[in-house]
Amino acid sequence: MTPPVKTPRSSGGDGRSTRWSDHREARRAELVAAAVAAIDDHGPSASIAEIAASAGVSKPVLYRYFADKDDLYRAVGQWGAEQVMQRLVPALLAEGPMRDKVYRACAEYFGLLADHPQVFLLLIEHRTAGDPIADGKEQIATSLAKLMGDTLRRLGVDAAGAEPWAHGVVGMGLAVGEWWLRRDIMTRESAADYLAAFLWNAFSGFAADHGVGLDGAGQLHLVDGATGPKAARRRKDA
């Protein structure tokens, strides 16, 4: 008779490791929030000592959670990307005409820049030192590509361009945001409206070329003279 196999008791190592990892991530988030507050107060030149003081810790303690200053700035960049998505997604998914969604999303974006101008200036200025917003830009573009692709498919329009367009929108948003922060010659409402008008006309113009008209009330209609295979099929079916 084969003796029963004894299952070794778990040492609990995996559980402890998970708890430590969770604690570390939570602590990093607290330190990033303190870094954001310090940069808001002291500007893009905020020192590590000022950031540590804002967190109520010493510099050595801060560096237990971040390999170096660039690592901290990357974490702040990730925070920035998360904040952007927290503002944009509800605006883009809200009920109402698509045009209003675009304008609302741009207003939310510029509202975020206005809330934390020093933080976003720091992230812009440190792009040459490892680009702390590189990962964030990719995440935002990926999310926007899905939203744009889903919208185009609902309209019956070719969605193949959603990904490059999403990256273009992110790049344009960053460029216009940097211009607005540095120049400070236009209200945030005006800057948001100009960006929204450009993006909306690009989107609605592409849809029109494919036989889908989008008016200010979000109503759809066939467009005379539209080009492309989708438009041709729509006119034939009509």
Look at the stretch 58-74 and say how many of its residues are of a type in the set (A, V, I, L, M, F, W, C), surrounded by fewer than 18 Cβ atoms within 10 Å (Cβ to Cβ) and in contact (Cβ under 8 Å) with a residue 12 or more places away in the chain.
-> 0
Looking at (1) closer than 21 Å to V212 by Cα; (2) without any contact (Cβ under 8 Å) to a residue 60 or more places away in the chain; (3) among the basic types (K, R), which is the only condition R87 fails?
-> (1)
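Can you tell me how many residues within the stretch 39-64 are over 17 Å from P117 (Cβ atoms), of a type outside the set (S, T, Y) and in a loop (DSSP other than H, G, I, E, B)?
Filtering the stretch 39-64 down to residues over 17 Å from P117 (Cβ atoms) leaves 47-64.
Now narrow it down to the ones that are of a type outside the set (S, T, Y): 48-53, 55-57, 59-62, 64.
Narrowing the set further to residues that are in a loop (DSSP other than H, G, I, E, B) leaves 56-57.
Going through the stretch 39-64 one residue at a time, the tally reaches 2.
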Residue check: is V119 within 17 Å of A207 (Cβ to Cβ) and in contact with a helix residue (DSSP H, G or I) (Cβ under 7 Å, 6 or more places away or on another chain)?
-> no
Considering every residue within the stretch 45-66, establish whether at least one is outside the structural domain of A196 (by TED's automatic domain parsing) and among the acidic types (D, E).
-> yes
Identify the residue in the stretch 75-113 that is of a type in the set (D, E) and within 15 Å of T151 (Cβ to Cβ) and, among all such residues, is surrounded by the fewest Cβ atoms within 10 Å (Cβ to Cβ).
-> E95
Complete set of residues in the stretch 203-218 that are loosely packed, with under 15 Cβ neighbours inside 10 Å and in a helix (DSSP H, G or I) = G205
Please work out which one of (1) over 16 Å from the mean Cα position of the chain (by Cα); (2) crowded, with 17+ Cβ neighbours inside 10 Å; (3) of a type in the set (D, E, K, R) is the condition E125 fails and give its number.
-> (2)
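Tell me whether the stretch 113-120 contains one or more residues that are within 22 Å of the chain's Cα centre (by Cα), in the same structural domain as M172 (by TED's automatic domain parsing) and either on the phi > 0 side of the Ramachandran plot or of a type in the set (G, A, S) (or both). Quick ask: steps written out before the conclusion?
If we filter the stretch 113-120 for residues that are within 22 Å of the chain's Cα centre (by Cα), which is where we start, we get 113-120.
Applying the additional criterion that residues be in the same structural domain as M172 (by TED's automatic domain parsing) yields 113-120.
Next, from what is left, pick out any that are either on the phi > 0 side of the Ramachandran plot or of a type in the set (G, A, S) (or both): 114.
Checking the stretch 113-120: at least one residue is within 22 Å of the chain's Cα centre (by Cα), in the same structural domain as M172 (by TED's automatic domain parsing) and either on the phi > 0 side of the Ramachandran plot or of a type in the set (G, A, S) (or both).
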Qualifying helices (runs of 4 or more DSSP H) (wholly inside the stretch 89-197; at least 3 residues being modelled with pLDDT of 90 or more, within 30 Å of D70 (Cβ to Cβ) and of a type in the set (V, I, T)) = 162-183
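The values are calculated or read from the model by the stated rules, or taken from the named source; none is laboratory data. Remember, it's a predicted structure, so these values are computed and weren't measured experimentally. Glycine also receives a Cβ, built like all others from the backbone with ideal geometry; neighbour counts cover every protein chain displayed.
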